[in-house]
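The structure under discussion appears below in the form of structure tokens.
The values are calculated or read from the model by the stated rules, or taken from the named source; none is laboratory data. Note that this is a predicted model, so its numbers are computed, not measured. In this analysis, Cβ positions are derived from the backbone assuming ideal geometry, glycine residues included, and neighbour counts consider all displayed protein chains.
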Amino acid sequence: MALFVFWIFLSASFEWTHLGLGLIFSFAVAWVNSGHSPFVPKFRLWLRILLYLPWLFYKIIQSSLNLSRLILHPALPITPQLISVESKLRHHAAVVLFGNSLTLTPGTITAEVDRNNLIVHSMDKNDDVAIKQIETKIAEIFKDEDPDL
């Protein structure tokens, strides 16, 4: 009711269309913010993801330089391999973010995902460490989320 009164105060209009829209939007805002809606924005989660992106960008640059070094080396010391990664992530969005992050970093591609098992194609034998770092970072992002896997 407070939102509806505030709407009337701000709109300064007593037309039925304004009052009807004000009533609908007031109840909708109250319902979404009361926790009953599945569409409640998860601000902490989105903030963590936004803070994750600069770190991921750093990892992409680091991986690009490492892959360039491997390719430009006269001996071409690449060791392509498929790595099976048993992820500890228990949230669908976390696994998707993990797979996409691995694909974005040069030298690794997520070839297959089955629940929380990923098959990753890697160009360097030392990519295991980077994969674990990314998984740990994403687990930290989704630490407060209920598992859905």
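The number of residues in the stretch 18-41 being of a type outside the set (A, V, I, L, M, F, W, C) and at pLDDT 75 or above comes to 4. Residue count for the stretch 63-108 satisfying the condition of being closer than 17 Å to residue 131 by Cβ, of a type outside the set (A, V, I, L, M) and free of Cβ contacts under 8 Å to residues at least 24 places away in the same chain: 3.
Residues that are touching a Cys at 6+ places or on another chain (Cβ under 9 Å) and of a type in the set (S, T, N, Q): list the strands (runs of 3 or more DSSP E) wholly contained in the stretch 40-149 that include at least 2 such residues.
Details: elements: 81-86, 108-114, 117-122.
Strands (runs of 3 or more DSSP E) meeting the threshold: none at all.
Sub-8 Å Cβ pairs linking a first residue in the stretch 44-57 that is modelled with pLDDT under 90 to a second residue that is outside any helix (DSSP H, G or I) and surrounded by fewer than 11 Cβ atoms within 10 Å (Cβ to Cβ), at least 6 apart or interchain, are 44/144; 45/144, ordered by first then second residue.
Please count how many residues of the stretch 93-103 are more than 20 Å from residue 58 (Cα to Cα) and in contact with a Lys or Arg (Cβ under 9 Å, 6 or more places away or on another chain).
Total satisfying the criteria: 1.
Take the stretch 118-149 and flag every residue that is free of Cβ contacts under 8 Å to residues at least 40 places away in the same chain and among the aliphatic types (A, V, I, L, M). Those that are free of Cβ contacts under 8 Å to residues at least 40 places away in the same chain and among the aliphatic types (A, V, I, L, M): 118, 119, 120, 129.
When each of 50, 56 is tested for being within 12 Å of the chain's Cα centre (by Cα), of a type in the set (A, V, I, L, M, F, W, C) and loosely packed, with under 11 Cβ neighbours inside 10 Å, the lone residue that passes is 50.
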